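Peer 1: I'd like to ask you about the structure that follows.
The values are calculated or read from the model by the stated rules, or taken from the named source; none is laboratory data. A quick note: this is a predicted structure, and the numbers were derived from the prediction, not measured. Here Cβ is always computed from backbone atoms with ideal geometry, including for glycine, and neighbour counts include all displayed protein chains. The area values use the complete protein model at the heavy-atom level, side chains included, leaving out ligands, DNA and RNA. Shrake-Rupley method; radii C 1.70, N 1.55, O 1.52, S 1.80 Å.
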Amino acid sequence: MKRTVLPRRFVPAAASALAVAAAVLVPQALPTSAPAADTADTAAQAAAKHRDDFVIVGHRGASGYRPEHTLASYELAARMGADYIEPDLVTTKDRVLVARHEPEIGGTTDVAAHPEFVGRKKTKQLDGVAVTGWFTEDFTLAELRTLRAKERIPAIRQQNTVFDGRYQVPTLQEVIDLSRRLSRELGRPIGIYPETKHPTYFQQQGLALEPELVKTLNRNGLNRPDAKVFVQSFEVANLKALRKQLRVPLVQLTSSSGAPYDFVVAGDKRTYADIVSASGLREVATYAKGLGPSKDQVIPLDATGKLGQPTALVGNAHRAGLVVHPYTFRVENNFLPANFDSSAVAAESGNLFGEIAAYRKAGIDGLFTDNTDVAVAEEAEAR
């Protein structure tokens, strides 16, 4: 039998997902208060201080195993071997950056069970779409602290609901503090990969995310080229503005449909498809170092739901000098191409190893995953 040699990132962690999970069952106590080889190498060298051979980002932490965007989720991802942990950033009423998937928190916290906040429920236009619920910008940090996180997709991840109500909504500063503690404990740097969520939406409310992000990175000594930090956004204008203030690499996120909302507001007719064209990627390279595409922009699905053939995206991005970190790799059949499903049951685990291997063959430089342990094990097998 072939001996699997685990990469260094995995050594400090327990040898199995179960052991790792047991080590951090409740780590968050409540506070008392397809490229050409040469161009691919060039892109890799440009980001060398921010990545190893293959970048594994704990997407919202280890959200396949814990409710997303909690310190418990981030810690588990790091212990499983993630190079980076990813907080999505939104803001409170008193301008504190916190980690939530969206400003609307009805689906990720127990806010609906708090009668004192029943009057906070509103309908707002979020990037042009009417959304009803509770929004972080209508709460102070102290008020948000009274809420507890819950699993966002309980029908798919019923096991995660065991942890509902156990964890608070963390601030960006707490995520940074956690990354530093774990870096010391695990003997390897744990980076952060924050995303500015809906920047135009927050700018329109007079609560822009970017000034607070810059302040926080500066205050923590992380605004430097050798800091293990990437900053990402689905919009363009804020990344171009951040390029003048940040010395860490920026990543342009894209989707397989639609357009950046700042383009929509400005009347710019370009779409994400235009951004990932060869000429669009050359423009991205003038302000960013990386591209975070939807994984189907790298390898689309065919008519049967199976993986098709890779597009030219990775090769074009590498020729522009960009690293490529697609999203999101998840183990459940619900999220896998049909040829990697294990059954017709959406919540059952399929062949994530096979999907990741196919994308690695397409030349990606890293990935976002809810299942860090699988990505780390696949990387070890590929060596």
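Peer 1: Which log10 I(q)/I(0) values, to two decimals, does region 56-122 give at q = 0.12, 0.26, 0.27 Å⁻¹ under the Debye formula with one point per Cα?
Peer 2: Result of the Debye calculation: -0.36, -1.08, -1.12.
Peer 1: Taking the Cβ of PRO326 as the centre, find all other residues whose Cβ is under 14 Å away and add up their charges (Lys, Arg: +1; Asp, Glu: -1).
Peer 2: Here the count lands on -1.
Peer 1: Compute the accessible area per residue over the chain, keeping the other protein chains in place, probe 1.4 Å, unit Å².
Peer 2: Solvent-accessible surface per residue comes out at 41 Å².
Peer 1: For PHE329, what residues show an amide H to amide H distance below 5 Å, using hydrogens built from the backbone and excluding near sequence neighbours?
Peer 2: PHE368, THR369, ASP370
Peer 1: Follow-up. On a 20 Å Cα-Cα criterion, which of the cross-link pairs LYS244/LYS295; LYS93/LYS197; LYS122/LYS215; LYS228/LYS289 come out too long?
Peer 2: Pairs exceeding the cut-off: LYS244/LYS295; LYS122/LYS215.
Peer 1: How much net charge surrounds LEU253 when only the other residues with a Cβ under 9 Å from the Cβ of LEU253 are counted, with Lys and Arg +1 and Asp and Glu -1?
Peer 2: -2
Peer 1: Oh, and also: When the Karplus curve 6.51 cos²θ - 1.76 cosθ + 1.60 is applied with θ = phi - 60°, which whole-Hz ³J(HN,Hα) does each residue of region 313-320 get, with x for Gly and Pro?
Peer 2: In residue order, the calculated couplings are 4, 4, x, 5, 5, 5, 5, 7 Hz.
Peer 1: What does the extension gain come out to for ASN218 and ASP274, with contour length at 0.36 nm per residue minus their alpha carbon separation?
Peer 2: 16.8 nm is the gain from fully extending ASN218 to ASP274.
Peer 1: Here is a follow-up. Using a probe of 1.4 angstrom, how much of the accessible area of the chain is carbon and sulfur, in percent?
Peer 2: Looking at the chain in its full context, I get 54 percent from C and S.
Peer 1: May I pose another question? So what does log10 I(q)/I(0) come out to for region 278-383 at q = 0.18 Å⁻¹, using the Debye formula with one equal point on every Cα and no solvent?
Peer 2: Listed by q, the Debye log ratios stand at -0.86.
Peer 1: Can you list the aspartates and glutamates whose alpha carbon is less than 13 Å from that of LYS361, not counting same-chain residues fewer than 8 positions off?
Peer 2: Straight-distance partners of LYS361: GLU378, GLU379.
Peer 1: Can you give me the orientation-averaged projected area of the convex hull built on the Cα atoms of the chain, in nm²?
Peer 2: 18.9
Peer 1: Divide by every residue of the chain the summed helix terms, -39500 (n - 2.57) for each DSSP H run of at least 4, and state the resulting mean residue ellipticity at 222 nm, rounded to the nearest 500 deg cm²/dmol.
Peer 2: Result for the chain: -8000 deg cm²/dmol, rounded to the nearest 500.
Peer 1: Can you pull the accessible area of PHE163 for me, 1.4 Å probe, Å² to the nearest 10?
Peer 2: We get 30 Å² for PHE163.
Peer 1: Let me ask another. Extending each Cα 7 Å along its Cβ direction at LYS122 and ARG247, get the distance between those two points in nm, one decimal.
Peer 2: Placing both labels 7 Å beyond Cα along the Cβ direction yields 3.9 nm.
Peer 1: Based on Cα coordinates alone, diagonalise the gyration tensor for region 111-158, multiply each eigenvalue by 5, take square roots, and list the semi-axes in whole Å, largest first.
Peer 2: 19, 18, 10
Peer 1: In the full protein assembly as shown, how much of LYS121 is accessible to a 1.4 Å probe, in Å² to the nearest 10?
Peer 2: Solvent-accessible area, nearest 10 Å²: 110 Å².
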